[in-house]
Amino acid sequence: MEEPAENLSSDLVELRRWRMSDLDALEQAICESLDHLMPWMPWAAGHGRQPTVDFLAWSQEEWEARQGFHYAITSDAAVIGSCSLNRRIGAGGLDIGYWLHPQSTGRGLATMATAALVRQGFRMAGVDHLEIHHDAANPASGAVARRLGFTEIERSQAPEGPVAPGEVGIDVVWRMTADQWNTRTTAR
C-alpha cells in the first residue's frame, strides 16, 4: 500500500487522520499542553489558532502528496495528542513523531500509538525501516523507542543546534528494521 489506513487502533488509543473539523479539539489539546510542549516542540512558541488551522491544512496536503501521515491520538473519544509517519529520512524509511497531553503521559499511551504507527508503516510499500529522532535532553521520547525494541543508532550534534528551550542540540536516532519488527512480533 502507498499510504496507511486513516484509522488505526492499539490497546487504549485510537488514531485517526486529522481533519479540519478537529480544529477546536486540537486547539484545546495544544493550549492545555503548552507548558509540556514548549521545551521540545519549536512550533509551540508560536502557537495560536491560525497556526493550528495551517497545520491541519498542511496535514491534508502532506497526506495527499503521500509525504506525511498525521493522526489525532484519541482515547475515550477525546483528542490527547498527535502523531505522524513522515517521509523525510530517505528511501525506504519513515520517521515517527508524537506528543501527548500531559494528563495522558505515564500510562503507555505514546507507546501504544507508536506501536500502531510501526505496524502500519511496515505494511506500506517499500518501507524497510522506521526511525524516531529526539533531542538527548528528552529521555521520555527515547523511552518509547526503547520499549518498542528500536535500536539507538546515532547521537550527533544537531546542525542547527538546539531549536527549542529544553534541548541541548544532540540528536538521538533510533531505528527499527522490518526484519527486527517481524522477529519481535513472531516471538510473542
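The values are calculated or read from the model by the stated rules, or taken from the named source; none is laboratory data. Remember, predicted model here, so these are calculated numbers, not experimental data. A quick note on method: Cβ atoms are made from the backbone with ideal geometry, for glycine too, and the neighbour counts reach across all protein chains shown. The accessibility values were calculated without ligands, DNA or RNA, using every heavy atom of the protein model including side chains. Shrake-Rupley method; radii C 1.70, N 1.55, O 1.52, S 1.80 Å.
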Condition check for Ala110: closer than 17 Å to Met41 by Cβ, of a type outside the set (Ser, Thr, Tyr) and modelled with pLDDT under 95: no
Enumeration of residues in the stretch 153-169 that are open to solvent by 50 Å² or more (accessible area, probe 1.4 Å) and within 19 Å of Met41 (Cβ to Cβ): Pro159, Glu160, Pro162, Val163, Pro165, Val168
Residue that is out of contact with any His (no Cβ under 7 Å at 6 or more places or on another chain) and without any contact (Cβ under 8 Å) to a residue 60 or more places away in the chain, where the choices are Gln180, Gln120: Gln180
Test for Pro42: is it closer than 20 Å to Asn138 by Cβ and either surrounded by 14 or more Cβ atoms within 10 Å (Cβ to Cβ) or of a type in the set (Phe, Trp, Tyr) (or both): yes
Wholly within the stretch 48-152, strands (runs of 3 or more DSSP E) carrying at least 1 residues that are open to solvent by 60 Å² or more (accessible area, probe 1.4 Å): 129-135
Top-ranked residue in the stretch 170-187 [being within 17 Å of Asn138 (Cβ to Cβ) and of a type in the set (A, V, I, L, M, F, W, C); ranked as surrounded by the fewest Cβ atoms within 10 Å (Cβ to Cβ)]: Ile170
Test: Gly149 is touching a residue at least 12 places away in the same chain (Cβ under 8 Å) and farther than 23 Å from Arg17 by Cβ: yes
Hits in the stretch 1-27 (condition: surrounded by fewer than 16 Cβ atoms within 10 Å (Cβ to Cβ), at pLDDT 95 or above and touching a Leu at 6+ places or on another chain (Cβ under 8 Å)): Asn7, Arg19, Met20, Leu23
Flag for Ile30 being farther than 16 Å from Arg119 by Cα, surrounded by 18 or more Cβ atoms within 10 Å (Cβ to Cβ), among the β-branched types (Val, Ile, Thr) and in contact with a His (Cβ under 9 Å, 6 or more places away or on another chain): yes
